[in-house]
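The values are calculated or read from the model by the stated rules, or taken from the named source; none is laboratory data. Because the structure is predicted, anything quoted here is derived from the model rather than measured. Heads up, the Cβs are rebuilt from the backbone with ideal geometry, glycines too, and the neighbour counts pull from every protein chain shown. Accessible surface is based on the protein model in full, side chains and every heavy atom, while ligands, DNA and RNA are left aside. Shrake-Rupley method; radii C 1.70, N 1.55, O 1.52, S 1.80 Å.
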Amino acid sequence: VAQDRVRELLAAASAGQPLEVTVLCTDLDPWQGPPQGGGMPLDVHQWYGAKVVRLGLPGKPWDWHHDGEVERFCRDWFQRERFDEIEAHSLQILTAAPLRVALELGIPYRVVLHDGWWLSRLQFLTRDDGTAVDPADPLSDLDPEAPEDQRRAVIERRQDLLEILAGAQERLAVSESFAELYQRAGVRRVGVRRNRVPEPAAVAAGDRLQRNGDKGGGGGAAALRFCMVGGMAVHKGYAVL
């Protein structure tokens, strides 16, 4: 989805709009090797006219929401690059540190809400037993007997992330129902930007032929072939099948 968004911006730039696109992303397996002595591997290359900056970062638990190393990098980098605006997608490994810096430096930013990471330590708002957490209650994903320091950390996480969301120029959910979910959790003025999947013409024509059945052979409609792409996990919907 983020790649398609970059292509959309690059197309606008090629059509005459004065746009320069830079992508900040992560690399879990940097060619320089794992970080050593507090360093952070960095790679910069071009992709169809966009500058791609890849930070070599290790994976981290989804409940982490701030990386001090990323904050220090962005604080220096943002001031040197003088970005006019920022659009954030899935920040689970970068964490919300880039947007914390943007908020402090006064750089306008928008956030695309792809999942529940901003509301809960459980990114897909689903417990291991398949039951849903209450997105309006940050403590609903905790054991009722959780120690006080853990409860305090969860509340502080929610407050930090809601502050960053509140400072965004736009908050864009990927559907109306997901926008309503965020609004029930206390996030105001959530817009919608649906994910768009380009459909190659040749594939679409063949797919329509299969769905409609063989008109010339007199047969009925072809069977619907369903492919699930995702892990065998409750939050991916595997149990529904």
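Restricting attention to segment 12-62 and to residues that are open to solvent by 60 Å² or more (accessible area, probe 1.4 Å) and among the acidic types (Asp, Glu), the residue that is farthest from ARG121 (Cα to Cα) turns out to be GLU20.
If we scan segment 82-94, do we find a residue that is of a type outside the set (A, V, I, L, M, F, W, C), open to solvent by 40 Å² or more (accessible area, probe 1.4 Å) and more than 18 Å from the chain's Cα centre (by Cα)? There is at least one residue in segment 82-94 that is of a type outside the set (A, V, I, L, M, F, W, C), open to solvent by 40 Å² or more (accessible area, probe 1.4 Å) and more than 18 Å from the chain's Cα centre (by Cα). Of the set (1) part of a loop (DSSP other than H, G, I, E, B); (2) surrounded by fewer than 18 Cβ atoms within 10 Å (Cβ to Cβ), all apply to HIS65 but (2). Within segment 101-124, does at least one residue satisfy the condition of being in contact with a strand residue (DSSP E or B) (Cβ under 8 Å, 6 or more places away or on another chain), part of a helix (DSSP H, G or I) and closer than 24 Å to GLN183 by Cα? Yes: segment 101-124 contains one or more residues that are in contact with a strand residue (DSSP E or B) (Cβ under 8 Å, 6 or more places away or on another chain), part of a helix (DSSP H, G or I) and closer than 24 Å to GLN183 by Cα.
Take the residues in segment 103-113 that are of a type in the set (A, V, I, L, M) and without any contact (Cβ under 8 Å) to a residue 60 or more places away in the chain; name whichever of them is least open to solvent (accessible area, probe 1.4 Å).
ILE107
Restricting attention to segment 174-189, does a residue exist that is open to solvent by 60 Å² or more (accessible area, probe 1.4 Å), touching a Pro at 6+ places or on another chain (Cβ under 8 Å), under 29 Å from LEU105 (Cα atoms) and aliphatic (A, V, I, L, M)?
No, there is no match, as no residue in segment 174-189 is open to solvent by 60 Å² or more (accessible area, probe 1.4 Å), touching a Pro at 6+ places or on another chain (Cβ under 8 Å), under 29 Å from LEU105 (Cα atoms) and aliphatic (A, V, I, L, M).
Residue selection: GLN79 satisfies the criterion of being open to solvent by 20 Å² or more (accessible area, probe 1.4 Å), under 24 Å from ALA13 (Cβ atoms) and in a helix (DSSP H, G or I). Looking only at segment 131-170, filter to residues that are farther than 21 Å from TRP64 by Cβ and touching a residue at least 40 places away in the same chain (Cβ under 8 Å); which one of those is most open to solvent (accessible area, probe 1.4 Å)? Selected residue: GLN169.
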